[in-house]
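Here is the structure we will look at, set down as structure tokens.
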Amino acid sequence: MENALPQEIEITKIATSKITEVDFENLTFGNIFTDHMFVCDYVNGEWQTPKIVPYGPLTLDPSARVFHYGQAVFEGMKAYKDEQGDTYLFRPDENYNRINKSAERLAMPAFPENYFFDGLYALLKLDNAWIKSGEGNSLYIRPFVIATQPSVSASEADQYRFMIICSPAQSYYSGDVSVLVAEKFSRSANGGFGYAKAAGNYAGQFYPTKLAKEQGYQQIIWTDSNTHEYVEEAGTMNLFFRVNDTLLTAPISDRILDGVTRKSLIALAEKQGIVVEVRPIKVSEIVAAAKDGSLKEIFGAGTAAVVSPVKAFGYKGAHYEVAPQENSYAAHFKKALLDIQYNMAEDAFGWRVKVQ
Ligand code: COI
């Protein structure tokens with residue numbers, strides 16, 4: 001495959017920036033987008049010249065396969081700005097590798113590494129003013145690939161569009177969340193594509209989550225589809241349970257997303273001597289720990305959610321509160337992670353990447 005150099009990206013700049021219309025103090029997640037977007041089409045077995053163009057609607061044929069068969073994958077990453085005005089990404093290679101892993105599972109072509117990074121860096125340079133410094137502020141980056149081939153024949157497409165759009169972000173969840181443990185619905189199954197960041201994995205959660213919301217829960221803790229006895233993930237985040245001082249998290253599998261925040265927290269915890277058990281976790285042991293007081297914390301970990309404490313969970317009609325902790329692991333990990341991401345602490349793992 002031909003390699004694209006940065007100067008080969010065709011750039012069309014916006015005439016007037018929309019940035020002055022944005023209230024950066026009051027952002028709700030994912031509603032506002034920056035001035036530009038990155039676009040690259042796949043036609044005749046090759047990725048074409050990448051472009052950066054003003055952010056705006058797409059024109060696609062109504063028969064484009066993405067609309068009918070959901071052949072679409074995406075990523076979630078963030079750019080952070082330190083007090084000196086330098087911009088950083090966090091483990092971006094992980095996102096690059098994962099989007100291609102997701103794409104492979106949906107029979108989509110891999111996107112070349114240099115196109116991905118040259119496009120991302122050029123976009124971040126152009127829309128740099130949209131990245132605000134200060135903890136909690138970031139630019140949420142959404143790379144995605146859709147099947148654009150105009151045909152409703154039910155097979156993989158031969159035309160695709162890779163895009164990157166960016167949205168200034170603060171927190172994803174405001175306040176601690178309550179979650180409902182799944183007893184009937186499943187997010188994914190053995191041999192399925194739960195590990196992929198595929199659009200359909202998210203759409204399938206909306207209905208059960210809507211029902212959970214009617215009961216006062218914001219999210220679902222998914223359980224294994226065979227028995228509903230083991231906890232998996234929460235759909236927008238992986239899950240951690242602190243029982244006494246031990247941290248438990250489910251192993252990744254073909255049903256569970258290999259979260260970048262998840263693996264970073266495991267590494268941070270282990271470095272600090274916190275015992276982490278990565279193993280199948282029974283719902284019954286979490287319920288027992290909630291009853292005997294050894295369940296100290298539950299929290300989710302994800303790019304958008306960062307580290308998100310869970311204050312209560314529902315299971316089989318019962319409601320269990322998780323009392324706030326003085327020395328909370330969630331608060332500690334959130335700070336440790338954000339300090340690395342915002343260039344405020346030593347990065348012993350080499351996770352931070354400066355955007356030049
Ligand atoms: C992310 O954390 O980037 C996610 O993908 C969650 C998203 C669906 C809001």
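What the table below lists for this structure:
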quantity: Amide H within-cut-off set for Lys197, under 5 Å, with H built and near neighbours excluded; calculated: Phe74, Ser102
quantity: Relative contact order %, segment 135-289, counting alpha carbon pairs below 8 Å whose residues are six or more apart; calculated: 19
quantity: Distance between modelled label sites at Asp41 and Glu25, nm, 7 Å Cα→Cβ extension; calculated: 4.4
quantity: Burial ordering of Lys132, Lys282, Lys354, fewest other beta-carbon atoms within 10 Å first; calculated: Lys354, Lys282, Lys132
quantity: Loop-located GluC sites (Glu not before Pro) in segment 48-126 whose Cβ has at most 15 other Cβ within 10 Å (DSSP); calculated: Glu83
quantity: At R0 = 45 Å, FRET efficiency that the Cβ-Cβ distance of Asn114 and Asn327 yields, to 0.05; calculated: 0.50
quantity: Sequence-distant lysines (8 or more away, or on other chains) whose Cα lies within less than 17 Å of Lys311; calculated: Lys213, Lys291, Lys296, Lys334
quantity: For Ser151, residues with placed amide H under 5 Å, excluding near neighbours; calculated: Ala64, Arg65
quantity: Note, ³J(HN,Hα) from phi for segment 297-304, Karplus 6.51, -1.76, 1.60, rounded to Hz, x at Gly and Pro; calculated: 8, 10, 8, x, 9, x, 5, 5
quantity: Three principal axis lengths of the chain [C-alpha, angstrom, descending]; calculated: 61, 52, 36
quantity: Set of aspartates and glutamates with alpha-carbon distance to Lys51 below 13 Å, sequence-local pairs under 8 removed; calculated: Glu8, Glu10, Asp41, Asp118
quantity: Under 5 Å, built H, 5+ apart or other chain: amide partners of Tyr230; calculated: Asp224, Val283
quantity: Exposure proxy ranking, count of Cβ atoms within 10 Å, fewest first, for Val43, Val322, Val73, Val287; calculated: Val43, Val287, Val322, Val73
quantity: Theoretical gain in end-to-end length, Ser17 to Thr49 [0.36 nm per residue, Cα-Cα removed]; calculated: 9.1 nm
quantity: Sorted by Cβ neighbour density within 10 Å, fewest at the top, the residues Phe38, Phe33, Phe349; calculated: Phe349, Phe33, Phe38
quantity: Relative contact order (%) - criterion: Cα under 8 Å, at least six apart; region: the chain; calculated: 18
quantity: Positive minus negative residues near Met77 (Lys, Arg vs Asp, Glu; Cβ under 12 Å); calculated: +2
quantity: Efficiency of FRET between Asp93 and His319 - r from beta-carbon atoms, R0 30 angstrom, step 0.05; calculated: 0.15
quantity: Taking segment 56-105 and dividing mean pair separation by its residue count, relative contact order in percent (alpha carbons under 8 Å, at least six apart); calculated: 30
quantity: Residue-span extension gain [Asp347 to Ser153] - 0.36 nm each, minus C-alpha spacing; calculated: 64.9 nm
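Read-outs: derived from the displayed coordinates by stated rules, not from any lab. Everything numeric here is computed off the predicted structure, so don't read it as measured data. Cβ: placed from backbone, ideal geometry, glycine included. Neighbour counts: every protein chain shown.
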